[in-house]
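Undergrad: The structure under discussion is supplied below as structure tokens; questions concerning it will follow.
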Amino acid sequence: MKQNVPTVLNSIQHLQVGPLGPHIINFASLLIEEGYADFSIKLKIRLVVDFSKWMENQKVTIANLEEKIINDFIEVKGIQKSIRRGSLATLKLLLRHLQNVGITRPSHPILEVNPFENIERDFAQYLSQERGLSMATLDNYIPLVRRFLSVSFSSDNSQVEKIRPVDVTNFILRYVPTVKRKTAQLMTTSLRAFFRYLHVRGRITADLAQFVPTVADWRLANIPKHLQPEEVESLLKSCDQSNPTGVRDHTILLLLARLGLRAGEVTAMTLEDFNWEKGELTIRGKGPRKDRLPIPNDVGEAIIKYLKQGRPKCRTRCLFVRARAPYKGFSSSVALCNIVERALCRSNLQPPHKGAHLLRHSLANHMLQKGSTLTEIGEILRHQLPSTTEIYTKVDLNALSSVAQPWPGGEI
């Protein structure tokens, strides 16, 4: 929706009251830039005016504004039953705006005391700078290592030098039964990396990584879930491209289906990742890895249509943007999984797995049915190890049945 900016700003000129009065117009301009509709902007400004009057009655100066004062206001309005949903988020956005322009001093939240903060910070630096791991990997590893440290050594991080193999084994044996298998596997992977870090840094004399028990993981135990080609096409056609959201979702699904991208790779895409002259797309894979892929014609046409008809005008360089204000990139790949799940629902498809990876598996299965080799599939999916692609040997059931041998004692 295009906004008549002068009209919106002129309509709130008379509302500049209280300590926040001189800054209301600038805050309204920020809301316009974030893509909020006129009606939403007016509601938010009325809230700010109400808050400004309350600050004046409470003799709160703008220089002393902090989150606690906002919470006090919300609590009072809640008791009076005169608060709207989203009011707290609006006032927090106002506070960040005032802090960013230097009107209000930056807040210093009380952080939870973490006795292992120093060792965690150094471990994170080791992972990113010396191992080249991504921030997403760090976000997975650090909390798990913190749990191991807090359970095993209370608040004395100097005791890491005293870690014994039996401490590691006992922790894993207690931890594994309490979580899912994948989480347990991630814990063991995190601890191996942590112990190698301690050994490299000289904090422990022996590399304890070899003493971390292995969580059972039978490779190739499951057949990867996938859709048939006609089901994938049904999924793509389910998007209503008469509206911007449908155009965006269709483009996302096409990228997942045609190029077999991971959800995180699509989420991380920026406008600078496209080289239209060469017809190439840069993919940010796991860790620091970057790959270049050719842009298929239908994918390129969908992206151009999205840029012209679906993507709102905004400051973010992320390719895909939220459908509602504030217009910014997705915070995580969960949003893409939700897009896939809604499309499956519209198509009346009920596969056992409904995440974005379903389309990656479907592409691999389709390539296998067309006669592609595992090497070719691995190249398209950008697998670093050939063993990663081996699971697709189980997908072609017809080919497997032709070489299957009768079970001893069974019927031939």
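Undergrad: Let's test the formula: R0 of 30 Å, r as the Cβ-Cβ distance of N26 and K305. What FRET efficiency results, to the nearest 0.05?
TA: 0.25
Undergrad: Work out the FRET efficiency for K81 and R121 from their Cβ-Cβ distance, taking R0 = 51 Å, and round it to the nearest 0.05.
TA: Details: r = 46 Å, r/R0 = 0.89.
That pair, K81 with R121, gives E of 0.65.
Undergrad: Follow-up. Contact order normalised by length for the chain, with contacts defined as Cα pairs under 8 Å and 6 or more residues apart; what percent is it? Intermediate results must be reported in sequence, preceding the final value.
TA: Values: 433 pairs, mean separation 56.1, N = 412.
Over the chain, the number comes to 14 percent.
Undergrad: If you don't mind, there's one more thing I want to ask. Calculate the dipole size of the chain relative to its Cα centre from +1 charges on Lys and Arg beta carbons and -1 charges on Asp and Glu beta carbons; express the result in debye to the nearest 20.
TA: Details: 56 positive and 39 negative charges, 171 e Å.
That gives the chain a dipole magnitude of about 820 debye.
Undergrad: Please compute the length gained on full extension between K59 and C337, using 0.36 nm multiplied by the number of residues separating them and subtracting their Cα-Cα distance. Walk me through the numbers before you get to the answer.
TA: On the way: separation 278, 0.36 × 278 = 100.08 nm, distance 4.81 nm.
Answer, rounded to one decimal: 95.3 nm.
Undergrad: Any chance you could get the radius of gyration and Dmax over the Cα atoms of the chain, in Å?
TA: 27.2, 91
Undergrad: Can you give the net charge of the other residues whose Cβ lies under 15 Å from the Cβ of N275, counting K and R as +1 and D and E as -1?
TA: Values: positive: K278, R284, K290, R292; negative: E272, D273, E277, E280, D291.
So the surrounding residues net to -1.
Undergrad: Also, I was wondering about something else. How much length is gained on full extension from S242 to N140, taking 0.36 nm per residue of separation minus their Cα-Cα distance? Can you show the working numbers first?
TA: On the way: separation 102, 0.36 × 102 = 36.72 nm, distance 3.93 nm.
Going from the current span to full extension adds 32.8 nm.
Undergrad: About the Cα centre of region 5-100, how large is the charge dipole given +1 on each Lys and Arg Cβ and -1 on each Asp and Glu Cβ? Please answer in debye to the nearest 20.
TA: My answer is approximately 260 debye.
Undergrad: Note down the relative contact order for region 229-399 as a percent, whole number, built from C-alpha pairs under 8 angstrom at least six residues apart. It would help to have the intermediate numbers written out before the result.
TA: Values: 209 pairs, mean separation 43.7, N = 171.
In percent, rounded to a whole number, it is 26.
Undergrad: For the modelled label position 7 Å from the Cα of S11 along Cα-to-Cβ, which residues of region 311-331 have backbone nitrogen atoms closer than 18 Å?
TA: It comes to 325, nothing else.
Undergrad: Now for a separate question. Have a look at S238, L65, S150 and report the one farthest towards the positive end of the charge dipole of the chain, computed about the Cα centre with Cβ charges (Lys/Arg +1, Asp/Glu -1).
TA: It is L65.
Undergrad: Another one. Karplus couplings for region 267-279 from phi (6.51 cos²θ - 1.76 cosθ + 1.60, θ = phi - 60°), rounded to Hz, Gly and Pro as x?
TA: Using θ = phi - 60°, the values come out as 4, 7, 5, 10, 5, 7, 7, 10, 9, 6, 5, 8, x Hz.
Laboratory data are not the source of any read-out in this text; all were calculated from the coordinates shown. None of these values were measured; they are calculated from a predicted model. Here the Cβ is made from the backbone with ideal geometry for all residues, glycine too, and neighbour counts use every protein chain on show.
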